[in-house]
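Each remark here refers to the structure printed beneath this line.
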Amino acid sequence: MILTMDTAVRRKKARKPKKASGKKHSPQTARQRALTRGIRKLFGDLGFHRIKTDGKQIQFNGRSGELDDIFVYDNTVIIAEYTTESGTEHLLKKKPLYDLILDDPIAFLKYAASQYPSFLTHIQGLAAHGFLEEHFRIRIVYAPSSAPSVELTNVCPRFHFLYGATIKYFQALASTIECSGRNEFFKFLGLEFEEIGEAIFKGGSDVPAYQGYLLPEGNSSYPKGFKIVSFYADPENLIAKSYVLRRDGWRDDDHLYQRILIGKKIRAMRRYLATENRVFVNNVIVTLPDGTKLNDINDKNSNLEADKLGKVRPVTVMIAPGFDTIGVVDGQHRIFCYHEGRDKEEASIKALRKRQNLLVTGIIYPQGYSDHQRRIFEARLFLEINDNQARARSALKQDIEVIIRPTSTIAIAKRVMQRLGKHGPYRDRLQTNYFDPPTKIKTSSIVSYGLRPIVKLDGEDSLFHAWQNPHKEKLKEGGVDVAVELIDKYVEYCAEKLSEFMLEVKLKMSQASWDLDAKPRSPLLSTTAINGMIVCMRRIISAGLPLTAESHKTRLKNVTDLDFSSFKSSQWQRLGTELFEKHYR
């Protein structure tokens, strides 16, 4: 039917405006709904299917309760719980039911199928493809709106906490590479490659074979034991097996350096693939596990003997399955633009994802190379590549320095900063991640001007001077051969002593709000205040005074008389001096 102007006008007049419901939700209810929507969207973007529980009260193995949501993907079952409540009471009330579920997953599957019709349909569909009850994997995801306490996470070691910067990271990842982001999410949940979907039937035996060329160490000038292979691989397997040490991700903060995926760049590259139907001609550089098999080109089941790996030759490359087997050093956007998406390009890219059309240069580690050695090698290689193409940003170099020069002052300072953000009075109040909200305290000047001077490996005003470790002088030898445990102990000592002092100052100022969103909030929640306290700590060390919580509690006097907020910007030196001379006796 053709819609004329008159018809359109009559229809417009006929429409009645929607009446406002008049019902206003409380701020907490609004926050709860926003949190729930965000989690549901995340799981939807990752390709999970939601099982509606509708607030139904259940009774399982003698314990009653409600499940906020169940999400399923093949044989993976996620029970999700959301809350805007602070403290430990909420989860501790839920914990007994969740523990019963994890202790008897098969019984729960049967019970859930009897309670939720759509869950029964999902299980029956998988059963038709050979899945048995023991093939299912259940995980508990607890998503609070604020950071849980360390005590709470310690009490619930089987639960996976999704909050703060971690949930924002996965939301950004899912909005960029959509369903392909679930591979990394599975790793976050502690699931292995061979536990998901049809891989559970194959037990790691389904290994694709790629034809390529071997360049041994004699030709590449790489250290003994390293081998380089070049081959064409399909993006689907690369996406499934790759790990990228992205800055601001969910992994160990001390070993991250690559930037997060840029959505705009990914979308532009997908349009190129779909419209031009051509591959990218430059190669992707990755590291491969030491268990990578190099077989005879004519017999993929015949692994070449060591004496045949000393010359350039065609080989068949076989990489064992796993989420973390391939380390992407250069080319993450070229790999992940082939991601499994739901956009208009997906129909074209779905076929390209299975083709062996990405040129890969893979570096195979020598037998017995540790994870620590691999991280150092990959970080150095990443820096070499980026320095050759364009000057790497100073922030990037600092991140890599934590890995390749772990005893440098800046590396130690950055690690102490990360620890202060996770433990002690400033836990969850420091900007240590790209996804942290702007209300958190900026930390770049704290690392540069506060922490570097106090963690340095010389001087009578440094924590190193006060540290009573008999092996500490080994840190001055530098290099990557220094025992990782010794560096860890020094970082832990620095963070612990700083936290003890800062906590005592905070307690003396207890009447001030420690809520980042409060107005006014504590004057201690600022870069200037933190740097000032660190300056005071240096004076305490120089004076040879005890670095104990009891000593700080006794010596700190009339701290509320010191107007922390009157010290602006770079006046932390004066603040620290006044704090020591007038309020620390």
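Looking at Gly38, is it open to solvent by 40 Å² or more (accessible area, probe 1.4 Å) and modelled with pLDDT of 90 or more? When the stated conditions are applied, Gly38 does not pass them. Of the numbered criteria (1) within 16 Å of Ile441 (Cβ to Cβ); (2) open to solvent by 30 Å² or more (accessible area, probe 1.4 Å); (3) not aliphatic (A, V, I, L, M), the one Gly532 fails is (2). When the range 45-88 is limited to residues that are of a type outside the set (A, V, I, L, M, F, W, C), open to solvent by less than 20 Å² (accessible area, probe 1.4 Å) and in a strand (DSSP E or B), the one that is nearest to Phe201 (Cα to Cα) turns out to be Thr76. Can Ala147 be described as assigned to a loop (DSSP other than H, G, I, E, B), in contact with a helix residue (DSSP H, G or I) (Cβ under 6 Å, 6 or more places away or on another chain) and either under 24 Å from Arg33 (Cβ atoms) or free of Cβ contacts under 8 Å to residues at least 24 places away in the same chain (or both)? Answer is yes for this residue. Residue count for the range 267-312 satisfying the condition of being modelled with pLDDT of 85 or more, in a strand (DSSP E or B) and open to solvent by 50 Å² or more (accessible area, probe 1.4 Å): 1.
Test Leu91 against the stated conditions and say whether it is open to solvent by less than 40 Å² (accessible area, probe 1.4 Å), part of a helix (DSSP H, G or I), in contact with a strand residue (DSSP E or B) (Cβ under 7 Å, 6 or more places away or on another chain) and at pLDDT below 95. Here the answer is yes, as Leu91 does meet what is asked. The single condition among (1) within 25 Å of the chain's Cα centre (by Cα); (2) in a loop (DSSP other than H, G, I, E, B); (3) not hydroxyl-bearing (Ser, Thr, Tyr) that Asp206 does not meet is (1). Does at least one position in the range 331-354 carry a residue that is under 15 Å from Ala240 (Cβ atoms), loosely packed, with under 15 Cβ neighbours inside 10 Å and in contact (Cβ under 8 Å) with a residue 60 or more places away in the chain? Yes, that holds for at least one residue. Taken together, the residues in the range 313-368 that are assigned to a loop (DSSP other than H, G, I, E, B), out of contact with any strand residue (DSSP E or B) (no Cβ under 9 Å at 6 or more places or on another chain) and under 22 Å from Ser230 (Cβ atoms) amount to 6.
Within the range 241-266, restricting attention to residues that are assigned to a helix (DSSP H, G or I) and open to solvent by less than 20 Å² (accessible area, probe 1.4 Å), the residue that is modelled with the lowest pLDDT is Gly263. Out of all the residues in the range 163-170, is one or more open to solvent by 50 Å² or more (accessible area, probe 1.4 Å) and among the charged types (D, E, K, R)? Yes - at least one qualifying residue is present in the range 163-170. Every condition in (1) surrounded by 17 or more Cβ atoms within 10 Å (Cβ to Cβ); (2) over 22 Å from the mean Cα position of the chain (by Cα); (3) of a type outside the set (Ser, Thr, Tyr) holds for Asp458 except the one numbered (1). Scanning the range 22-65 for residues that are closer than 23 Å to Lys94 by Cα, in contact (Cβ under 8 Å) with a residue 24 or more places away in the chain and of a type in the set (D, E, K, R) turns up Arg31, Arg40, Lys52, Lys56, Arg63. Among the candidates Tyr434, Tyr426, Tyr449, Tyr493, the residue that is open to solvent by 20 Å² or more (accessible area, probe 1.4 Å) and either without any contact (Cβ under 8 Å) to a residue 24 or more places away in the chain or within 21 Å of the chain's Cα centre (by Cα) (or both) is uniquely Tyr434.
The values are calculated or read from the model by the stated rules, or taken from the named source; none is laboratory data. Here the structure is a predicted model, which is why all the values come from computation and not from measurement. Here Cβ is always computed from backbone atoms with ideal geometry, including for glycine, and neighbour counts include all displayed protein chains. Areas reflect the complete protein model, heavy atoms only, side chains present, ligands, DNA and RNA absent. Shrake-Rupley method; radii C 1.70, N 1.55, O 1.52, S 1.80 Å.
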